[in-house]
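Visitor: The structure that follows is given in the form of structure tokens.
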């Protein structure tokens with residue numbers, strides 16, 4: 001039977017392997033929100049989940065960037081609005097980080 | 001008892017003197033048969049025998065023959081108020097006329113008093129009406145003020161929340177930078193850090209102020225190495241004192257390795273507020289933190305050589321947003337309000353001794369049970385034994401989080417049941433009885449808050465902790481109320497989660513055992 005650290009390592013690996021899929025899902029939600037400013041909810045939910053889970057698996061920076069994007073969405077749900085430039089920049093950082101963390 | 005003849009005679013005389021009775025007698029056709037001479041004193045004149053007298057005595061007009069009658073007080077032709085009694089006797093009618101001046105005066109006075117009472121009553125009704133209208137207006141104004149206050153709190157919480165994330169980033173990234181830069185830059189960076197931490201403390205105060213009256217402000221004691229705790233607090237505030245070139249000393253009279261049960265975060269918040277204030281109001285000299293622990297009580301005195309406080313300052317220092325008019329120092333005016341509220345929640349106490357120009361000493365007392373090494377060992381054993389029988393229901397739709405929480409909770413010896421949404425939790429609880437529920441907020445089908453509402457409605461009394469990636473409901477504190485027992489921030493700190501489970505389930509067990 002596996003001890004706690006082995007089980008934790010196994011879960012951590014599984015989570016890391018799931019990051020590319022999370023990255024794709026985020027991109028899809030982001031594209032949908034760009035096309036239709038009224039449909040930011042899937043993007044919000046995806047970021048919300050990432051903010052919660054990434055920190056618990058030791059990816060603090062991922063969690064932090066997701067939280068920042070959540071705050072931006074709270075301020076204005078329209079990502080094509082005045083904060084669009086900032087949102088796009090932080091979102092690009094998050095995507096890059098997701099790809100790097102998955103390696 | 002009967003009256004003697006002489007007294008009866010005397011009373012008769014008095015009665016006759018005051019009523020001055022007069023009479024007349026008629027037949028059934030109202031023709032006068034006889035009358036007393038004094039009837040003229042009442043103004044009844046021109047009387048003739050066997051003549052119809054209804055013209056002389058107008059009160060007889062319409063009189064139903066054969067009926068005994070007492071007429072109310074009337075005014076006789078001579079202007080005297082009289083009472084009239086009509087007494088039929090066979091085919092005769094006897095009429096008695098008596099002076100009723102005294103009765104009339106009494107009646108008049110009574111009537112006058114009744115009128116005055118009616119007038120007062122009308123005035124009272126008017127005043128009451130005005131009072132009700134004023135009360136209604138006050139209630140409306142009060143509601144408006146409450147609404148304004150609620151909006152203000154919500155605004156402050158919202159703004160504070162948005163400040164916190166970037167501030168946390170500044171502190172985090174500057175921490176990471178600290179080791180990568182040269183010594184000269186490190187000093188400058190530490191100033192950036194201390195200021196960011198100070199701003200973060202202000203923001204935390206604003207957030208807590210928004211939660212002061214809600215159940216969200218909870219106390220969660222855990223075992224703390226108190227010596228290390230005070231050194232950390234001193235280290236945290238030292239850069240701020242050094243910036244002002246004043247000393248920050250720690251005089252701890254504490255046994256080595258003393259471990260106490262306190263809410264580390266909340267006690268630290270109180271100390272940071274008080275020490276921050278002491279540094280802020282001290283321009284020369286030093287601030288000294290003196291602490292000791294005696295008999296379940298941790299006492300901390302913060303002494304400064306600062307500007308001190310006037311009587312007005314001392315009276316108002318705990319009022320929200322209050323700032324002294326006697327000096328100009330930055331701050332939100334919330335630190336002391338929150339400190340006092342936190343102390344109240346913890347069952348602690350605060351004393352202030354201060355005079356203008358002579359510094360200030362603020363002494364705080366925190367209830368703090370000691371944990372000996374053996375006790376700690378015993379608690380661990382007891383908890384792991386009791387944990388085996390406890391079931392935790394985890395309501396979480398994120399499989400990544402659920403897997404990690406499940407791994408830890410089962411490792412601590414608890415049984416865990418996991419469901420993916422609020423609806424499934426409500427259904428599961430109908431047939432099972434968990435000892436504690438961990439509830440996510442954002443879930444498909446049914447969210448956490450709705451699920452908690454359903455659970456409480458169906459009689460579920462078990463402790464419920466909300467798990468949320470955001471600081472819970474700073475924007476919607478009304479959702480919390482008394483239906484949840486606390487919240488656990490995501491990303492979850494598993495040591496905090498473990499202590500929360502231990503503490504809550506032990507408390508439940510103790511309540512059940514009492």
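Visitor: Once every DSSP H run of n ≥ 4 in chain B is given -39500 (n - 2.57) and the sum is divided by its residues, what mean residue ellipticity at 222 nm do you get, rounded to the nearest 500 deg cm²/dmol?
Guide: The helix contribution divided over chain B gives -16500 deg cm²/dmol.
Visitor: Can you give the FRET efficiency for residue B:351 and residue A:75, using 1/(1 + (r/R0)^6), R0 = 45 Å, r = Cβ-Cβ distance, to the nearest 0.05?
Guide: Values: r = 43 Å, r/R0 = 0.96.
Calculated transfer efficiency: 0.55.
Visitor: In vacuum, with every alpha carbon of segment B:11-70 counted as one equal point scatterer, what does the Debye formula give for log10 I(q)/I(0) at q = 0.28 Å⁻¹? Two decimals, please.
Guide: Rounded to two decimals, the profile gives -1.24.
Visitor: Which FRET efficiency value, to the nearest 0.05, is calculated for residue B:319 and residue B:231 with the Förster distance at 30 angstrom and r the Cβ-Cβ distance? Working shown, then result.
Guide: Working: r = 33 Å, r/R0 = 1.10.
Calculated value: 0.35.
Visitor: Could you give the alpha-carbon Rg of segment B:240-286 over 2.2 N^0.38 Å, rounded to two decimals?
Guide: Values: Rg = 13.2 Å, N = 47, 2.2 N^0.38 = 9.5 Å.
Here the answer is 1.39, to two decimals.
Visitor: Students often check this: by mean Cβ neighbours within 10 Å, which of B:26-36, B:112-122 ranks highest, and how do the rest follow? Walk me through the intermediate numbers first.
Guide: Details: B:26-36: 15.5, B:112-122: 10.0.
Most protected by this proxy first, the peptides run B:26-36, B:112-122.
Visitor: Using only the Cα atoms of chain B, what do you get for the radius of gyration and for Dmax, in Å?
Guide: Over chain B's Cα set, Rg and Dmax evaluate to 44.9, 143 Å.
Visitor: How many Cβ atoms of partner chains, on average, are near each residue of B:396-408 if near means within 10 Å of its Cβ? Let's see the in-between values first.
Guide: Working: counts 1, 2, 6, 5, 12, 6, 1, 8, 8, 1, 1, 6, 4.
For peptide B:396-408, the averaged partner shielding equals 5.
Visitor: What nm value, rounded to one decimal, do you get for the distance between residue A:17 and residue B:125 when each label is placed 7 Å out toward the C-beta?
Guide: Distance between the two pseudo-spin positions: 8.7 nm.
Visitor: Sticking with this one: Please report A:15, A:44 as a ranked list, fewest other C-beta atoms within 10 angstrom at the top and most at the bottom. Display every interim value, and only then the final one.
Guide: Values: A:15 23, A:44 17.
In order of increasing Cβ crowding within 10 Å: A:44, A:15.
Visitor: What angle do you read, to the nearest 10 degrees and between 0 and 90, between the alpha-carbon axis of helix B:5-19 and the longest principal axis of chain B?
Guide: The angle comes out near 80 degrees.
Visitor: May I pose another question? Using 0.36 nm times the number of residues separating residue B:29 and residue B:192, minus their current alpha carbon distance, what extension gain do you get? Walk me through the intermediate numbers first.
Guide: On the way: separation 163, 0.36 × 163 = 58.68 nm, distance 12.24 nm.
Using 0.36 nm per residue and subtracting the Cα-Cα distance, I get 46.4 nm.
Visitor: For peptide A:59-67, compute the average count of partner chain beta-carbon atoms within 10 Å of each residue's beta-carbon.
Guide: Working: counts 1, 2, 4, 0, 3, 6, 1, 1, 8.
Counting other chains' Cβ atoms within 10 Å and averaging over A:59-67 gives 3.
Visitor: Need one word for segment B:17-135: rounded, prolate or oblate. Basis is the Cα gyration tensor (sqrt eigenvalues a ≥ b ≥ c); a/c below 1.5 gives rounded, then a/b vs b/c decides.
Guide: Working: a/c = 3.91, a/b = 2.75, b/c = 1.42.
Verdict is prolate for segment B:17-135.
Visitor: Relative to the present Cα-Cα distance, how much length would full extension add between residue B:117 and residue B:457 at 0.36 nm per residue of separation?
Guide: Working: separation 340, 0.36 × 340 = 122.40 nm, distance 5.54 nm.
Taking residue B:117 through residue B:457 to full extension adds about 116.9 nm, to one decimal.
Visitor: Shifting gears a bit: What angle, in degrees between 0 and 90 and rounded to the nearest 10, separates the Cα long axis of helix B:226-243 from the longest principal axis of the Cα atoms of chain B?
Guide: Here the helix axis deviates by roughly 90 degrees.
Visitor: Then there's this: Listed highest first by mean packing, meaning other Cβ atoms within 10 Å per residue, what order do A:87-95, B:140-148 come in?
Guide: Numbers: A:87-95: 16.3, B:140-148: 10.0.
Ranked by mean Cβ neighbours within 10 Å, highest first: A:87-95, B:140-148.
Visitor: Same structure, new question: If the viscosity is 0.692 mPa s and the temperature 37 °C, what Stokes-Einstein diffusion coefficient in µm²/s follows for segment B:54-105 when Rh is the Kirkwood radius over Cα pairs? Could you put the intermediate results ahead of the total?
Guide: Details: Rh = 11.7 Å.
The diffusion coefficient I find is 281 µm²/s.
Visitor: What's the average, rounded to a whole number, of partner chain beta-carbon atoms within 10 Å of each residue's beta-carbon in B:227-235?
Guide: Numbers: counts 0, 0, 0, 0, 0, 0, 0, 0, 0.
Mean shielding count: 0.
Visitor: Give me Rg/Rg_expected for the protein assembly as shown, where Rg uses Cα atoms only and Rg_expected = 2.2 N^0.38 Å with N residues. Present the calculation step by step, with values, prior to reporting the outcome.
Guide: Working: Rg = 44.5 Å, N = 617, 2.2 N^0.38 = 25.3 Å.
Compactness ratio reported: 1.76.
Visitor: Where the Cα atoms of segment B:190-298 are projected onto their three principal axes, how long is each span, largest first, in whole Å?
Guide: Rounded to whole Å, the extents work out to 37, 35, 22 Å.
Visitor: Shifting gears a bit: Using a simple spin-label model with points 7 Å from Cα along the Cα→Cβ vector, what separation in nm is obtained for residue A:89 and residue B:363?
Guide: 5.4 nm
Visitor: Taking the 0 to 90 degree range and rounding to the nearest ten, how far is the long axis of helix B:448-457 tilted relative to the main principal axis of chain B, both from C-alpha atoms?
Guide: 50 degrees
Visitor: Right, another one. Quick one: if you stick a label point 7 Å off each Cα along the C-beta vector at residue B:310 and residue B:135, how many nm between them?
Guide: The answer from the label model is 4.1 nm.
Visitor: Where does each of B:71-81, B:394-404 land if you order them by average Cβ count within 10 Å, highest first? Before the final figure, lay out the partial values.
Guide: Values: B:71-81: 13.7, B:394-404: 22.1.
Sorting B:71-81, B:394-404 by mean packing, highest first, produces B:394-404, B:71-81.
Visitor: Can you tell me the length gained on complete extension of the stretch residue B:294 to residue B:146, counting 0.36 nm per residue apart and subtracting the Cα distance?
Guide: Values: separation 148, 0.36 × 148 = 53.28 nm, distance 4.30 nm.
Value of the extension gain: 49.0 nm.
Visitor: Tell me the Kirkwood radius of segment B:391-443: reciprocal of the mean inverse pair distance over distinct alpha-carbon atoms, in Å. Don't skip to the end; give the middle numbers.
Guide: Working: mean 1/r = 0.0908 Å⁻¹.
About 11.0 Å for segment B:391-443.
Visitor: Take the Cα pairs of segment A:8-103, get the Kirkwood Rh, then feed it into Stokes-Einstein at 10 °C and 1.306 mPa s and tell me D in µm²/s.
Guide: D, rounded to a whole number, is 119 µm²/s.
FYI, it's all coordinate maths here, none of it is from the lab. As the structure is a computational prediction, the values presented were derived from the model and not from experiment. Reconstructed Cβ throughout: ideal geometry from the backbone, glycine too, with neighbour counts over all protein chains shown.
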